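Worksheet: one structure, shown below.
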Number of protein chains: 2
Amino acid sequence: MTYDLLAGTRIIESAAFIAAPLGGLTLAQLGAEVIRVDAIGGGIDYRRLPTTGNGRSIYWTSLNKDKRSIAIDLKRPEGRELVAALVTAPGDGGGVLLTNIPTKWLDPAALVRTRPDLISCVIEGNPDGTTAVDYTVNCATGIPSITGNGSLDNPINQVLPAWDLACALQASTAVVSALFHRKVTGQGSRMNLALSDTAFSLLSHLGYVTEAELLASARTALGNDIYGAFGRDFATSDNRRVMVAAISLRQWEALVAACDLGETIRTLEHATGLNFATEVDRFEGRDLIGALVKQWCKVRTFSEVATAFDRHGVCWGRYASTREALETDPRLSSVNPVFERITTHGIGAHLSAGATVRIAGADRGSVRPAPRLGDDTDFVLSEVLQLTGEQIGRLHDQGLVAGPEKADPFYSGIC
Amino acid sequence: MTYDLLAGTRIIESAAFIAAPLGGLTLAQLGAEVIRVDAIGGGIDYRRLPTTGNGRSIYWTSLNKDKRSIAIDLKRPEGRELVAALVTAPGDGGGVLLTNIPTKWLDPAALVRTRPDLISCVIEGNPDGTTAVDYTVNCATGIPSITGNGSLDNPINQVLPAWDLACALQASTAVVSALFHRKVTGQGSRMNLALSDTAFSLLSHLGYVTEAELLASARTALGNDIYGAFGRDFATSDNRRVMVAAISLRQWEALVAACDLGETIRTLEHATGLNFATEVDRFEGRDLIGALVKQWCKVRTFSEVATAFDRHGVCWGRYASTREALETDPRLSSVNPVFERITTHGIGAHLSAGATVRIAGADRGSVRPAPRLGDDTDFVLSEVLQLTGEQIGRLHDQGLVAGPEKADPFYSGIC
């Protein structure tokens with residue numbers, strides 16, 4: 001937990017992969033107690049690549065920090081009843097379910113009978129409940145066919161699971177909005193959120209849908225050019241690469257000044273009738289501008305380019321691999337208060353991010369490393385369901401729940 | 001407004017481009033009254049491409065629906081004071097500022113003296129306050145060098161402004177969390193959110209950062225292959241293209257059944273020692289699997305492929321342009337309750353998205369088309385600042401505020 005904005009809120013997360021887990025992580029870092037429920041031995045994403053040498057998943061542990069873990073036998077009715085009991089347990093801040101594994105045995109329409117003020121957010125692939133993942137939604141949006149030099153015959157998928165990220169954060173926004181609403185009115189909200197709706201609605205909000213509906217010319221691939229203004233990538237003489245953006249007039253003027261292009265640009269404007277002070281004309285004349293900046297960059301070292309760009313306030317960035325960023329970019333280091341070094345069981349010591357937001361005058365709490373599976377089984381049964389030690393012992397004996405020693409293949413020795 | 005979860009909340013948005021406007025739109029569709037403040041004549045993004053024939057921005061109107069618009073002369077101290085007054089105006093639900101145009105004259109550290117329970121979310125490029133946009137952050141994350149068949153020398157930028165989208169939704173989550181906190185404790189929150197922190201923290205949450213820190217082998221470009229399991233794109237005999245994902249065991253078994261590959265796969269497993277029932281080995285053996293599925297798809301029409309995939313429950317999607325999606329995909333049509341047809345001033349009739357989330361038993365309100373600039377100037381001055389008609393008239397006379405007739409070049413005639 002980084003901040004305590006959502007203190008007193010308890011969220012049960014039954015989840016896999018990205019959308020619900022990242023939604024839960026976001027809420028956890030803002031102060032909610034997020035209890036992730038998993039099958040004994042781990043869910044479908046528990047061993048997902050990349051893994052460390054011992055098989056521990058960097059993917060899973062990155063998405064499930066700052067949460068509690070309870071391991072339950074989800075195949076048996078008694079185990080399923082335990083999950084339902086956790087969701088509907090009493091308490092002002094409880095009664096919240098976040099899941100992307102919709103299932104009949106954890107149906108909000110039934111749970112609401114036990115807890116009428118239930119808040120649930122069920123993330124689905126498509127709105128009809130059928131399966132879809134980021135990749136199978138993305139192909140349907142039109143984005144891969146305009147990425148890089150792609151086309152419909154030669155689409156380029158985005159590597160970043162951008163729709164999953166957006167869906168996760170739409171879910172976190174919706175859950176907190178429902179919490180706010182419940183705090184004001186006492187009423188719960190049963191919510192569904194489809195990954196495909198995330199993609200298509202954001203495509204609408206960004207204007208792509210209306211553009212496709214109303215404009216005759218379709219958006220085409222532009223390589224690395226920014227649409228609608230000026231921006232593209234350039235190589236320096238020592239084979240580094242930079243991305244330059246001149247979207248605003250100020251950014252454009254900075255670029256012109258940094259590259260000492262004022263006179264040349266005026267000549268070109270006169271010759272072409274374009275007015276590069278407008279972003280529309282910068283976009284129209286992007287190849288002319290690009291050729292000039294390319295020439296300027298290619299005879300200068302990265303250091304020379306960086307110095308000139310920074311002196312004039314150009315909006316630019318340097319291409320780097322994630323590893324280079326980690327080694328050289330202070331924004332991705334523990335100098336940045338958003339990041340800190342933690343030690344995760346089975347992973348080792350590494351950099352990790354807390355809440356992205358920073359709040360003036362509020363101390364940032366530490367990131368709690370991802371739990372071992374079942375690390376909090378007994379604590380959760382005792383705290384949330386008020387079970388006695390004897391009752392909890394019986395659940396263990398029946399194999400209905402497990403602590404880390406049985407639940408987690410990474411418990412002993414190897415880690 | 002689609003739902004009334006945030007009813008009674010009033011947010012002043014001083015914004016441009018995507019991150020803050022999309023955050024505001026998200027909150028508006030969940031029930032907040034979002035008042036967008038713009039300079040008379042429009043801000044830096046008011047004419048951004050794409051535009052209709054008359055120059056009206058599809059981009060701006062798509063991002064600013066469901067909001068109110070007030071146009072103020074932001075260069076004069078009296079105009080700036082009006083904005084500050086709007087932010088700090090009394091009322092339980094007021095006192096919320098969302099901005100990605102940080103400026104000294106609208107500094108939350110000063111505003112909080114007038115309204116101690118202020119909630120502010122200031123979106124910046126970098127955490128040190130310097131400028132960055134999606135493109136100049138993205139290049140620094142490592143993603144473009146592993147997109148498609150890209151590399152550090154030949155990076156492929158993502159077209160979707162994914163970090164802007166994520167930043168917007170982190171902002172909406174943070175603002176509502178602060179509203180919840182204020183409802184419980186009475187205390188406000190002064191928050192900052194940097195676009196670069198959005199990118200690097202999500203990169204950390206997805207495991208990329210720890211992978212780069214701890215694993216010897218760096219992530220490389222995989223074309224359209226899914227990392228860590230099996231998935232890629234295939235052409236059909238009639239030159240359509242599909243994306244197939246076999247991440248879970250069930251998805252894998254469906255693909256094997258649909259393509260009738262059971263026996264071949266067993267033979268290959270025997271020959272290679274791989275066990276394709278595990279996602280790790282599906283990833284390892286992706287070229288073998290890919291060659292088989294490619295062969296199967298290329299001798300079948302799209303219709304045959306689709307029928308077989310659907311019958312067996314394969315997780316797949318079809319590549320389409322945004323326009324094709326609009327013409328053929330029911331998920332992007334008014335059959336889907338998330339979408340409806342609206343008429344926007346200066347744009348015309350078009351499909352538009354309300355809130356992505358769906359709430360059981362709650363009626364969806366209609367999307368209110370983007371306002372003309374200054375459409376709500378008088379209403380906002382009267383409702384929020386309680387100014388009289390005479391006072392408002394004086395502000396108009398002084399040129400400090402404008403209604404649509406002066407503020408909006410699209411007011412008359414041409415639209």
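Where a number appears in this text, it was derived from the coordinates with a stated rule and is not lab data. These numbers come from a predicted model, not from an experiment. Glycine also receives a Cβ, built like all others from the backbone with ideal geometry; neighbour counts cover every protein chain displayed.
Sorting A:PHE283, A:PHE379 by the number of Cβ atoms found within 10 Å of their own Cβ, with the fewest placed first, yields A:PHE379, A:PHE283. Between the alpha-carbon centres of segment B:235-305 and segment B:344-405 there is a gap of 53 Å. Taking every residue in A:358-365 and counting other chain Cβ atoms within 10 Å of its Cβ, the average works out to 5. By the beta-carbon count within 10 Å of each Cβ, the least crowded to most crowded order of B:PHE276, B:PHE339, fewest first, is B:PHE339, B:PHE276.
Ordering A:HIS270, A:HIS350 from the fewest to the most neighbouring beta carbons within 10 Å gives A:HIS270, A:HIS350.
Between helix A:77-88 and chain A there is an angle of about 60 degrees, using the helix long axis and the longest principal axis of the Cα atoms.
For B:GLY125, the residues whose amide H sits under 5 Å from its own are B:ALA132, B:LEU195, ignoring neighbours fewer than 5 places away on the same chain, with H placed 1.01 Å from N.
For a 25 Å ceiling on Cα separation, which of these pairs sit above it: B:LYS65/B:LYS406; A:LYS104/B:LYS183; B:LYS67/B:LYS183?
Distance filter (> 25 Å) returns A:LYS104/B:LYS183.
Along the positive direction of the dipole of segment B:26-156 (beta-carbon charges: Lys, Arg +1; Asp, Glu -1; about the Cα centre), which of B:PRO127, B:THR114, B:GLY150 reaches farthest? With unit charges placed on the Cβ atoms, the residue in question is B:THR114. Counting only other chain Cβ atoms within 10 Å of each residue's Cβ, the peptide A:27-36 averages 2. Under 9 Å from the Cβ of B:SER334, count the other residues' Cβ atoms, weight Lys and Arg +1, Asp and Glu -1, and hand me the total. Counting the neighbours of B:SER334, the net charge comes to 0.
Since only B:LEU385, B:SER248, B:ALA221 are under comparison, the one whose Cα sits farthest along the positive direction of the charge dipole of chain B, derived from C-beta charges on Lys, Arg, Asp and Glu, is B:LEU385.
Across segment B:297-415, the relative contact order, built from alpha-carbon pairs under 8 Å that are at least six residues apart, equals 17 percent. Within the shell defined by Cβ-Cβ distances under 13 Å, the residues around B:ILE58 carry a net charge of +2, with Lys and Arg each +1 and Asp and Glu each -1. Averaged over the residues of peptide B:238-244, the number of Cβ atoms from other protein chains lying within 10 Å of each residue's Cβ is 4.
Sorted shortest first, the distances from the A:THR130 label point to those of the same residue in the other copies are 4.9 nm; each point sits 7 Å from Cα along Cα-to-Cβ. Entry note, the protein assembly as shown: the mean residue ellipticity at 222 nm calculated from DSSP H runs of n ≥ 4, each adding -39500 (n - 2.57), is -11000 deg cm²/dmol after division by the residues and rounding to the nearest 500. Classify the protein assembly as shown as rounded, prolate or oblate, taking a ≥ b ≥ c as the square roots of the eigenvalues of its Cα gyration tensor: rounded when a/c is under 1.5, otherwise prolate if a/b is larger than b/c and oblate if not. Here the protein assembly as shown falls in the oblate category.
Sorted from shortest to longest, the distances between the A:LYS104 label points of this copy and the other copies are 6.7 nm, with each point 7 Å from Cα along the line through the beta carbon. By definition, a body whose alpha carbon gyration tensor gives a ≥ b ≥ c is oblate when a/c is 1.5 or more and a/b is not larger than b/c, and segment A:203-345 fits this oblate description.
The 3J(HN,Hα) values that the Karplus relation (6.51, -1.76, 1.60; θ = phi - 60°) gives for segment B:250-265 are, in residue order, 5, 5, 5, 4, 5, 5, 4, 5, 4, 8, 6, 9, x, 5, 4, 4 Hz. Gly and Pro appear as x. Placing a label point 7 Å from the Cα of B:GLY348 along the Cα-to-Cβ direction, the distances to the matching points in the other copies come to 6.1 nm, shortest first.
Here the relative contact order of segment A:263-365, from alpha carbon pairs under 8 Å that lie six or more residues apart, stands at 10 percent.
Distance between the C-alpha centres of segment A:151-202 and segment A:1-72: 18 Å, rounded to the whole angstrom. Annotation: amide H-H contacts under 5 Å for A:GLY231 (H modelled 1.01 Å from N, sequence separation of 5 or more, or interchain): A:ILE226, A:ALA246. 3J(HN,Hα) along segment B:52-58: 6, x, 8, x, 6, 7, 5 Hz, from the Karplus curve 6.51 cos²θ - 1.76 cosθ + 1.60 with θ = phi - 60°, whole Hz, x for Gly and Pro. Estimated from the Cβ-Cβ distance and a Förster radius of 25 angstrom, the FRET efficiency linking A:SER334 and B:LEU214 is about 0.95. Using a cutoff of 8 angstrom between alpha carbon atoms and counting only pairs six or more residues apart, the relative contact order for chain B works out to 20 percent.
In terms of its C-alpha gyration tensor, segment A:368-413 comes out oblate, because a/c is 1.5 or above while a/b does not outweigh b/c. Amide H contacts under 5 Å for A:SER189: A:ILE119, A:SER120, restricted to partners 5 or more places along the chain or on a different chain, H placed in the peptide plane at 1.01 Å from N.
Taking θ as phi - 60° and the Karplus parameters 6.51, -1.76 and 1.60, the scalar couplings of segment A:267-284 work out to 5, 5, 4, 5, 6, 9, x, 7, 10, 5, 6, 9, 5, 4, 6, 4, 5, 4 Hz in sequence order, x denoting glycine and proline.
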